[in-house]
Amino acid sequence: MSSRRPAPEPPEPLAPLVDAHTHLDACGATDAESVAAIVDRAARVGVREVVTVADDLAAARFAVQAANWDFRVYAAVALHPTRANALDDAAKAELERLAADPRVVAVGETGLDYYWPGKLDGCADIETQIEGFRWHIDLAKRLGKPLMIHNREADHDLLTVLLDEGAPETVIFHCFSSDATMAMACVDQGYVLSFSGTVSFKNAHELREAAKLVPDEQILVETDAPFLTPHPFRGAPNESYMLPYTLRALAELREQEPAALAKITTANARRVYGI
């Protein structure tokens, strides 16, 4: 995401849609009024609900607030794997309290990120990430809520930890970015795969092949806003109102009618999140 390009024009409306993963705080929301403004823009193009996701404690607090301010907003809370070194006893207690809120529909985003260690100052090391991931898996199971996965360059270890711990009933791979082999491994386990604007990138060959293989009942669509703005708007800020662009790109790739895929992904999101 960059401010170098202006915000794109709204797409042609496509309804119904659910943005399965966004970050309202990172999109600039700070209070009930600014949350409503973002969700209103989304609603005008057919996006009826959004799930705003936390990656640290401040974002988790805000996500729960936002979900209680606006009936169209739901929340997911966790510490991002790169921040797993902040998961002390106090953080665990607060996350448990926040995750129990009725407006929280998933524990996430958690998982493993093998790209940033050694590149990002303060990034949790791999051992700490795995320990934090195990804790979040347990939390999701204790609360009976879906587990929302962040996976970057950690396919094998991530699946191994899920198998070792015993996955929750519902597992969502947010912004799925792996290849067809990983996609089928996830599908075989009954996991749900959520696709973002990256599926519209013409150079994302392995990801685009993977997206073709996911059964209708295991697919979601998301923005991950303000990041991963779909083609041809890369470099511009992303927001939930951009979701129809990604949905149409995904539908073209899968040789499905956009309206039909919109209904499929929306039904899946409502079932998976219980909304």
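The values are calculated or read from the model by the stated rules, or taken from the named source; none is laboratory data. Predicted, not measured: the structure shown is a model, and the values here were computed from it. Because the Cβ atoms are built from the backbone with ideal geometry, glycine has one as well, and the counts that use them run over all protein chains shown. We work out accessible area using only protein heavy atoms, side chains counted, and drop any ligands, DNA or RNA first. Shrake-Rupley method; radii C 1.70, N 1.55, O 1.52, S 1.80 Å.
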Next on the checklist: So if I check each of 211, 185, 225, 259, which one is of a type outside the set (D, E, K, R), modelled with pLDDT of 95 or more, in contact with a helix residue (DSSP H, G or I) (Cβ under 8 Å, 6 or more places away or on another chain) and open to solvent by 20 Å² or more (accessible area, probe 1.4 Å)?
Outcome noted: 185
Checklist entry - Can you name the residue in the stretch 191-223 that is part of a helix (DSSP H, G or I) and of a type in the set (A, V, I, L, M) and is also nearest to the chain's Cα centre (by Cα) among such residues? => result 199
Checklist entry - Of all the residues that make up the stretch 116-149, how many are at pLDDT 95 or above and in a loop (DSSP other than H, G, I, E, B)? => result 6
Checklist entry - All but one of (1) open to solvent by 50 Å² or more (accessible area, probe 1.4 Å); (2) closer than 20 Å to residue 238 by Cα; (3) touching a Phe, Trp or Tyr at 6+ places or on another chain (Cβ under 8 Å) hold for residue 50; which doesn't? => result (1)
Item to check | Where a residue in the stretch 125-142 is among the aromatic types (Phe, Trp, Tyr) and its partner, wherever it lies, is modelled with pLDDT of 95 or more, with Cβ under 7 Å and at least six apart | outcome: 133/81; 133/110; 133/111; 133/112; 133/161; 135/87; 135/92
Next on the checklist: Go through the stretch 81-110 and report how many residues are open to solvent by 20 Å² or more (accessible area, probe 1.4 Å) and either outside any helix (DSSP H, G or I) or in contact (Cβ under 8 Å) with a residue 40 or more places away in the chain (or both).
Outcome noted: 10
Checklist entry - Counting only residues that are part of a helix (DSSP H, G or I) and touching a Leu at 6+ places or on another chain (Cβ under 9 Å), which one in the stretch 60-75 is surrounded by the most Cβ atoms within 10 Å (Cβ to Cβ)? => result 63
